[in-house]
Amino acid sequence: MGLRGPNLAAVDGIPGPAELPAELSYEALQRAALGVAAALQRRPELRASAPAAPGVLGSALRRGNDFYALFLASSYCYCPLVALSDDLQDKAHERQRNEQILLELQPRLLVVHDVTDPLPLAVPLVCFRDLLSMETFHPASAPDAEATLCFQYTGGTTGASRCCKASHGMALWEIAKYREVVHLDPAHRVLQQHSVYWAASMFGEIDIALAFGAALVFVVATGLEDLKEQINRHQASCAGLVPSLLEALQPAQVPSLRVVFTWGEALDTKVAVHWASAPELQLVDLLIATEYWLSLYANWTTWSARTSRTGERPGFRAVSGVRLRLGAEDGESGELLLSGPMVSPGYLDPKATAENFLEERGSRWYRSRDVLQRRGEEYFHCGRADDLAKVGGLWVDTRQVTESLREVPGVTEACIHSKAAFVCLENSEAVPLLRRRLPPDHGLFVVRGPLPRAPTGKVDRRAVSILAGVQHATPGCRLLGADQAEVLHQLKHLRLLRSWLSPLCLLVLGPLWHLAASEKDLTSCIWSCAELVLRTVLLSYLFLSLLYHDGLLRLLGRYVPFGHVMAVVLWAGLVPLWLLAASAVDGAVHAAGRRRLSSWPMVFLVGFPRWARDSGNWWYQSSGRNVLDWYKRSLKADYHELQKKLPSCLKRKRVCHHCKKPTMDGKVDPKDSKWYCDACWKYYDNHWACQDCKLWVVRGRRIAGKWLCLKCAEKAAANPPVPPVPPVPLAVPLLEAEAEPPIKRQRVDESWVQHYQPPSQEVRSAAAPAHAADAAAGPGNSTPRAQRTMALPCLASPDEPMVASGGSADVEKCDVWRFVEETLDWRFDSEDEPLGIDSLRWTKLASALQRRGRLLPPRGQVRTLGELLRGIQTLPEILHTHEAGSRGRGPGVAGLGHDVELGLHLEDAVPALGARSQVGPWGRGADSADQLDGM
């Protein structure tokens with residue numbers, strides 16, 4: 001591997017001991033690497049091995065230019081290198097990995113910065129400065145691409161960490177093929193941030209720099225802010241970032257980046273499109289692993305720039321020269337198998353190599369466990385082969401199930417391993433939904449706190465499975481102190497739950513009673529055992545029935561010690577068998593409807609301890625005094641509640657005369673002695689019954705002594721009675737026996753009087769009362785309608801002016817009267833006629849009067865036409881000003897401000913009533929001609 005040129009090769013941005021300068025050109029780097037290689041050739045520890053298989057060289061150097069030169073030197077002399085990390089945040093994992101390396105590989109020589117550093121094992125040490133020499137290096141005569149370049153360890157998130165070999169051919173392959181994926185030049189800077197703990201990622205970043213002759217920048221980024229600072233400080237233009245970092249970063253925060261590689265996790269589409277849309281930035285997703293290097297890539301930038309995109313993400317494309325197939329038969333979908341120089345020679349463990357590598361016709365194929373689907377020239381990732389589980393004869397992708405669990409509200413983390421789901425919850429309300437989303441044969445484990453993670457950031461499935469007891473710990477693995485305490489806590493919890501099975505012992509009361517009363521022979525014993533089993537099964541169905549009737553369940557167990565569960569068990573153990581069977585029929589029907597008739601008893605036995613604990617835990621933990629105090633308070637509260645509800649429960653319901661519905665709330669009409677419910681009373685109290693069609697209406701008129709609705713009144717007016725009524729008005733008192741009053745559902749307490757506010761004394765003096773009897777009774781009193789003196793209407797000839805009866809004298813219809821009839825499109829024959837105007841017509845009348853400069857009295861203070869007319873004439877006018885009228889507010893409403901609303905209340909005009917009480921019907925004292933002009 002020859003390196004030449006004055007271009008910048010490496011920048012050491014990590015503080016610490018170093019022998020080489022912080023910045024090296026390729027020429028200086030080549031000179032230092034050849035000098036170290038020459039020194040390694042002379043070391044007796046490495047020459048003790050066979051020439052074809054030199055001993056393993058260990059490195060305890062920190063990442064930087066010294067390590068870069070040592071790595072190149074070991075590759076020159078074909079000495080396999082293994083690196084020990086010193087910059088991992090999790091020092092426990094780092095120490096465990098370093099001890100594993102020293103035990104398994106047993107390096108012949110370990111290069112360090114200082115030989116005084118203590119090590120756990122006796123390994124020959126050499127200081128890096130002692131390897132720097134100016135001697136000539138003699139390369140091997142025959143380069144071997146299959147020779148081991150270095151050793152790297154897998155993450156171990158799904159099992160034990162494995163030591164994998166990386167060959168010279170794998171590094172040469174990446175240096176040659178990265179030029180097909182992206183385009184960089186020697187002026188670019190490649191960020192090297194991954195620890196040697198992740199050897200595959202670190203060596204991949206070195207290969208990217210060597211492929212383009214770019215500078216390799218060594219940095220330590222312990223967090224997101226530190227990463228942004230290092231990228232901007234060193235102006236790195238190429239970096240390898242995992243998807244979780246891309247989601248937390250923004251392209252604008254690192255403007256110097258031009259190429260971003262991502263791998264290791266599923267890349268979210270929204271995050272990828274956001275980064276790929278950044279100007280002058282390429283986002284490339286790599287499908288690589290420790291066992292196989294650069295093979296498949298997906299360029300998100302090219303895909304997002306297409307005008308017609310298919311699918312939610314781009315497919316992976318294979319670099320030239322890669323041999324791959326999907327499944328054993330190379331179909332359209334299946335497990336990815338790769339072969340070629342990019343594939344590792346195997347693991348250090350021969351058994352693991354035989355399980356994951358296939359030898360076919362002289363070619364070595366690696367089983368990646370990734371399931372892909374071929375669509376033309378592109379490949380789409382469909383999950384992991386070890387994530388597929390067979391449930392009910394069908395294959396289920398547990399990765400999709402995991403994603404569905406993470407979408408449940410309240411779930412912070414989720415992981416599935418070995419048919420067990422491990423979730424972290426914020427609250428327990430999401431448990432039923434989680435169980436519905438899981439396959440039937442998968443268990444659910446709720447883990448406190450965050451899930452244990454490996455140093456890669458991925459969930460350590462092996463640790464969570466050991467924590468839940470799903471998988472036995474392998475030799476050499478141990479639980480941490482917190483995990484071991486959690487396991488002990490869970491075991492204690494299970495023992496406590498088993499103790500709540502003791503209430504089921506009450507089921508033996510019935511069988512023991514029967515056994516004691518019968519002859520104690522074998523038949524009686526067998527029947528007692530069978531009865532015990534039968535009572536247990538019937539208890540399960542009874543409990544299911546009460547679960548569907550939760551209110552009854554709580555009521556039954558309110559005062560029974562240890563709650564409703566104890567009450568149900570006592571019932572099942574003491575009552576006769578036939579009565580228990582009758583009470584359990586409903587639950588058996590529910591179980592049969594859910595196809596759980598045979599399985600529900602087993603579910604009941606499993607869940608009974610938890611139900612019994614939830615029901616009786618308060619009784620178990622409370623003292624006797626607390627229980628007695630609770631009984632006292634509860635019985636007292638229930639007694640007062642019973643006192644309130646007992647009268648209403650004993651009250652007899654009556655049937656409404658109109659709607660025929662039984663009710664307890666209503667009134668008796670004193671006129672017909674019928675019972676009416678409150679709804680019918682409220683409705684018909686404001687209506688009148690037509691004496692012809694018997695319909696209840698609001699509007700109507702009296703013709704020939706009968707109250708008729710408008711429709712019947714029109715028919716009666718079209719057919720007048722013969723002979724005609726004499727024109728002389730007669731004032732005759734109508735007795736109850738002589739004239740039938742209109743039927744009106746009138747409240748006994750005359751509630752309308754409470755809401756009626758009579759006008760002031762001046763208004764009452766100017767306006768005649770509607771009835772003499774009312775006037776004699778005084779303000780606020782009213783005589784029954786059957787005892788009032790009514791004036792018979794007289795018929796006027798066509799030549800005579802139209803008159804109407806207004807109390808005790810005949811009055812002509814004034815202009816206001818005609819105006820009201822014209823506006824409402826109704827006809828009034830008397831001032832005593834009730835209005836019966838609904839809210840819509842009342843608003844219409846108020847608007848018409850306002851356009852003519854008049855106000856309408858409040859609706860609640862007028863009942864008859866006469867009261868309406870007197871109220872209109874006594875209210876003041878709306879003031880008119882020529883200045884306001886010139887603004888064009890509409891005809892007839894000049895000067896009417898926005899503060900004048902429809903239906904101004906009578907109380908607002910009380911000061912002006914005395915001055916207006918003696919004026920004409922329109923409040924101006926003018927004749928009818930002036931009134932018409934004013935309208």
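Using alpha-carbon pairs under 8 Å, 6+ residues apart, how would you state the relative contact order of segment 248-319 in percent? All intermediate terms of the calculation are to be shown ahead of the outcome.
On the way: 96 pairs, mean separation 19.3, N = 72.
Across segment 248-319, relative contact order equals 27 percent.
Quick check on packing: order 714-720, 339-345, 813-819 by the mean number of other C-beta atoms within 10 Å, highest mean leading.
Values: 714-720: 11.6, 339-345: 21.0, 813-819: 17.7.
In descending order of packing, they fall as 339-345, 813-819, 714-720.
Quote the relative contact order of segment 298-383 in percent (integer), defining contacts as alpha-carbon pairs under 8 Å separated by 6+ residues.
On the way: 120 pairs, mean separation 23.7, N = 86.
Worked out over segment 298-383, it gives 28 percent.
Carbon and sulfur: what percent of segment 206-260's accessible surface (1.4 Å probe)? Intermediate values should be presented prior to the final figure.
Working: 900 of 1800 Å².
That fraction is 50 percent.
Not counting ligands, DNA or RNA, and with a 1.4 Å probe, what is LEU491's accessible surface area in Å² rounded to the nearest 10?
About 80 Å², rounded to the nearest 10.
Loop-only GluC sites (Glu not before Pro) in segment 226-281, please: DSSP not H, G, I, E or B, and at most 16 other Cβ atoms within 10 Å.
Here the GluC sites (Glu not before Pro) that fit, given the DSSP loop and packing criteria, are GLU265, GLU280.
Could you pull out which residues in segment 568-609 have an amide N less than 17 Å from a spot 7 Å beyond the Cα of LEU496, following the Cα-Cβ vector?
In segment 568-609, the label zone of LEU496 (backbone N under 17 Å from the point 7 Å along Cα→Cβ) covers 608-609.
Can you give me the accessible area per residue for segment 223-273, using a 1.4 Å probe, in Å²?
Numbers: 2140 Å² over 51 residues.
Accessible surface, normalised per residue, equals 42 Å².
Give me the one-decimal nm value for the distance between modelled label points at ARG129 and TRP675, 7 Å along each residue's Cα-to-Cβ direction.
It is 11.3 nm.
I'd like the FRET efficiency for VAL508 and TYR559, computed as 1/(1 + (r/R0)^6) with the beta carbon distance as r and R0 of 25 Å, rounded to 0.05. Don't jump to the answer; show the numbers that get you there.
Details: r = 24 Å, r/R0 = 0.98.
So the FRET efficiency works out to roughly 0.55.
How many Å² of accessible area per residue for segment 5-101, probe 1.4 Å? List each step's numbers first, then the result.
Numbers: 3640 Å² over 97 residues.
Roughly 38 Å² per residue, with all protein chains present.
Is segment 343-445 best put as rounded, prolate or oblate by its Cα gyration tensor, with a ≥ b ≥ c the root eigenvalues, rounded for a/c under 1.5, and otherwise prolate when a/b is larger than b/c, oblate when not?
Numbers: a/c = 2.69, a/b = 2.11, b/c = 1.28.
Judged from the Cα gyration tensor, segment 343-445 comes out prolate (a/c at least 1.5, a/b above b/c).
With every protein chain left in place, what is the accessible area of THR269 in Å² (1.4 Å probe, nearest 10)?
Counting only protein heavy atoms, the figure is 40 Å².
Determine, from the Cβ-Cβ distance of ASP185 and LYS419 and an R0 of 41 Å, the FRET efficiency 1/(1 + (r/R0)^6), rounded to the nearest 0.05. List each step's numbers first, then the result.
Working: r = 52 Å, r/R0 = 1.26.
Rounded to the nearest 0.05, the efficiency is 0.20.
Calculate the spin-label point distance for ASP114 paired with VAL533, positioning each point 7 Å from the Cα along the beta-carbon direction, and give it in nanometres.
Calculated label separation equals 7.7 nm.
Please identify every one of the trypsin sites (Lys or Arg not before Pro) in segment 554-619 that sits in a loop by DSSP and has no more than 16 other beta carbons within 10 Å of its own beta carbon.
On the way: sites: ARG554, ARG558, ARG594, ARG595, ARG596, ARG610, ARG613; in loops: ARG558, ARG594, ARG595, ARG596.
Sites meeting the loop and neighbour criteria: ARG558, ARG594, ARG595, ARG596.
How about segment 241-346: which trypsin sites (Lys or Arg not before Pro) there lie in a loop by DSSP and see at most 14 other Cβ atoms within 10 Å?
Numbers: sites: ARG258, LYS270, ARG306, ARG309, ARG317, ARG323, ARG325; in loops: ARG258, ARG306, ARG309.
Here the trypsin sites (Lys or Arg not before Pro) that fit, given the DSSP loop and packing criteria, are ARG306, ARG309.
Give the calculated FRET efficiency between TRP619 and ASP87 to the nearest 0.05, with a Förster radius of 56 Å applied to their Cβ-Cβ distance. If you can, show how the numbers build up before the last one.
On the way: r = 58 Å, r/R0 = 1.03.
With a Förster radius of 56 Å, E is 0.45.
Could you work out the percent of alpha carbon pairs in segment 262-366 separated by over 20 Å, rounded to a whole number?
Working: 2706 of 5460 pairs.
Counting pairs separated by more than 20 Å, the tail of P(r) holds 50 percent.
The values are calculated or read from the model by the stated rules, or taken from the named source; none is laboratory data. Just so it is clear, the model here is predicted, and its values are computed rather than measured. Cβ atoms come from the backbone with ideal geometry, glycine included; neighbour counts cover every protein chain shown. With ligands, DNA and RNA removed, areas are computed over all heavy atoms of the protein, side chains included. Shrake-Rupley method; radii C 1.70, N 1.55, O 1.52, S 1.80 Å.
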